[in-house]
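After the structure tokens below, expect a handful of questions from me.
Derivation of every value follows stated rules applied to the coordinates shown; laboratory data play no part. Computed from a predicted structure; not experimentally measured. Counting neighbours? That spans all protein chains shown, and the Cβs are built from the backbone with ideal geometry, glycine included.
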Amino acid sequence: MKQDYYSILGIDRNASAEEIKKSYRKIALRYHPDRNPGDLKAEERFKEAAEAYEVLRDPEKRELYDRYGHDGPNGGGFKGFSGFEDIFSSFGDIFEDVFGFSGRRSRSRTAPHPGADLRYDLSISFMDAVFGKVSDIDIKRMEKCEECGGAGTAPGTSPSICGTCRGTGHVTRSSGFFSVSSTCPQCRGAGRIVEHPCRACGGKGMKEVTKTVELKIPAGIESGMRLRLRGEGEEGQFGGPHGDLYVFVHVEPHEYFRREGDDVLCLLPVPMITAALGGEMEVPGLEGIEKVKIEKGTQHGQKIRLKGKGIPRLRGSGRGDQVVEVAIEIPTDLNRKEEKLLREFAKLRGEG
């Protein structure tokens, strides 16, 4: 059986993203195959740590793993790594942090790079969370410069091949066990030199733009949940795919209703006489006024459940209930006649 990913990295289940990365860096340094030549156990430990880090560093994969174990990320298409080169290409930044070079070989920055994921925090009303809605949100993201088509060069010009690294984006030197590969200092890993940069983007090939995105908020969503919009993150470089947009939802409190799971709770003030004798009252509901039957002898704090009048279930069908809590109202402004009648009632009850 596979070992628990958190145990492999030596962290607890509430570890932050930075703690996860720090722990993986430490293990990668210790078990790197170039530092443990021919040690099969070290190689296996190195691969296990890479697989654990790949899952736990990704919020979506980590959530699936926390809920379903190893089957969660696998069901989402994650199958681990095919070999060391696969690991080095995925975590090049980690190995540059640890060793000062990528560990095997660096990709030229002209190779396709996926765009960054984006986060958007959205506040919605209580009722929008209950029934859902379609909303437009404006996000700022990096996209390919239209002026230069992403090349970063001025119109009519093209970049030249870097003479230092000959277009590879990195330079290599030997040092003991290691074949040390580091970012080219001349072109900074691009593999090319832009002598005439595009004025619109300053030679970056990317510009910040504001885009309006349609967001479908599902009925029954709760505060703290997030929505993932695939391909709505920043545009990739050199033909790489867009990143994703993660919308974190914050539900504003309601002045009357309170949520508890799929149930909605509210407080109903009931006159003392109505509570004693019974009757029918009206109470605000999610879709308008609801009628509530007050039984004889209803007590303070008693709860009345209105079946199927609560919040739509986000996963599954049907709705929760509306739970009405009774708050008995005791009159504080009795006139003499009312006070006399109550005293007579108390005597009849043997309470006076």
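With the Cα gyration tensor of the stretch 258-348 in hand, convert its eigenvalues to equivalent ellipsoid semi-axes via √(5λ) and list them largest first in whole Å.
Calculated on Cα positions only, the semi-axes equal 35, 11, 10 Å.
Please name which of GLY310, GLY156, LEU227 has its Cα lying farthest along the dipole of the chain towards the positive end, using unit charges on Cβ (Lys, Arg +1; Asp, Glu -1) and the Cα centre as origin.
Toward the positive end, the furthest listed residue is GLY156.
What residues qualify as long-range amide H neighbours of GLY169, i.e. H under 5 Å apart, gap of 5 or more or another chain, H built at 1.01 Å from N?
HN-HN under 5 Å from GLY169: GLY191.
Also: With +1 on each Lys and Arg Cβ and -1 on each Asp and Glu Cβ, and nothing else charged, work out how big the dipole of the chain is about its Cα centre, in Debye to the nearest 20.
680
Would you mind telling me the antiparallel percentage of the DSSP bridges in the chain, rounded to 5?
Restricted to the chain, the bridges split so that about 75 percent are antiparallel.
I need ASP321, ASP121 ordered by Cβ neighbour count within 10 Å, fewest first.
With the fewest neighbours first, ASP321, ASP121 line up as ASP121, ASP321.
Now, a different point. Which of rounded, prolate or oblate describes the chain when judged by the alpha-carbon gyration tensor and an a/c cut-off of 1.5?
Taking the square roots of the gyration eigenvalues as a ≥ b ≥ c, the chain is prolate.
Another question, if that's okay. Could you work out the relative contact order of the chain, using alpha carbon pairs under 8 angstrom and six or more residues apart, expressed as a whole percent?
14
Now for a separate question. Stretch ASP333-SER317 to full length: gain in nm at 0.36 nm per residue minus the Cα-Cα span?
Between ASP333 and SER317, full extension yields 0.9 nm more.
Using θ = phi - 60° and the Karplus relation 6.51 cos²θ - 1.76 cosθ + 1.60, list the HN-Hα couplings for the stretch 112-129 in order, rounded to whole Hz, with x at every Gly or Pro.
x, 10, x, x, 6, 6, 10, 10, 9, 9, 10, 9, 10, 6, 4, 5, 5, 5
Additional query: Using only Cα atoms and rounding to the nearest 10 degrees, what angle (0 to 90) does helix 17-31 make with the longest principal axis of the chain?
40
Pop the C-beta distance of ASP121 and ASP4 into the FRET formula with R0 = 35 Å and round what comes out to the nearest 0.05.
0.65
Hey, what angle do you get for helix 40-56 against the long axis of the chain, alpha-carbon based, 0 to 90 degrees rounded to 10?
50
Neighbour counts of other C-beta atoms within 10 Å: give me GLU51, GLU18 arranged from fewest to most.
GLU18, GLU51
Please tell me the relative contact order of the stretch 258-348 in percent, rounded to the nearest whole number, where contacts are Cα pairs under 8 Å and at least six residues apart.
Rounded, it is 32 percent for the stretch 258-348.
May I ask you to evaluate 6.51 cos²θ - 1.76 cosθ + 1.60, the Karplus curve with θ = phi - 60°, for each residue of the stretch 223-232 and list the ³J(HN,Hα) values in order in whole Hz, giving x for glycine and proline?
5, x, 6, 10, 10, 10, 10, 5, x, 9
So how do ARG192, ARG343 line up by other beta-carbon neighbours within 10 Å, fewest first?
By the 10 Å Cβ count, ascending, the order reads ARG343, ARG192.
Obtain the nm distance between the two label points defined at HIS250 and MET272 by a simple spin-label model: each point lies 7 Å from its Cα along the Cα-to-C-beta direction.
4.5
Using helices alone, I'd like the mean residue ellipticity at 222 nm for the chain: each DSSP H run of four-plus residues gives -39500 (n - 2.57), total over residue count, nearest 500.
Computed mean residue ellipticity for the chain: -7500 deg cm²/dmol.
Using θ = phi - 60° and the Karplus relation 6.51 cos²θ - 1.76 cosθ + 1.60, list the HN-Hα couplings for the stretch 280-294 in order, rounded to whole Hz, with x at every Gly or Pro.
Coupling constants for the stretch 280-294: 10, 10, 10, 9, x, x, 5, 10, x, 6, 10, 9, 10, 8, 9 Hz.
So if each residue of separation counts as 0.36 nm, and I subtract the Cα-Cα distance between ALA200 and LYS347, what length gain in nm does that give?
Roughly 43.8 nm would be gained on extension.
Would you please calculate the Kirkwood hydrodynamic radius of the stretch 209-326 over all C-alpha pairs and express it in Å, rounded to one decimal?
17.4
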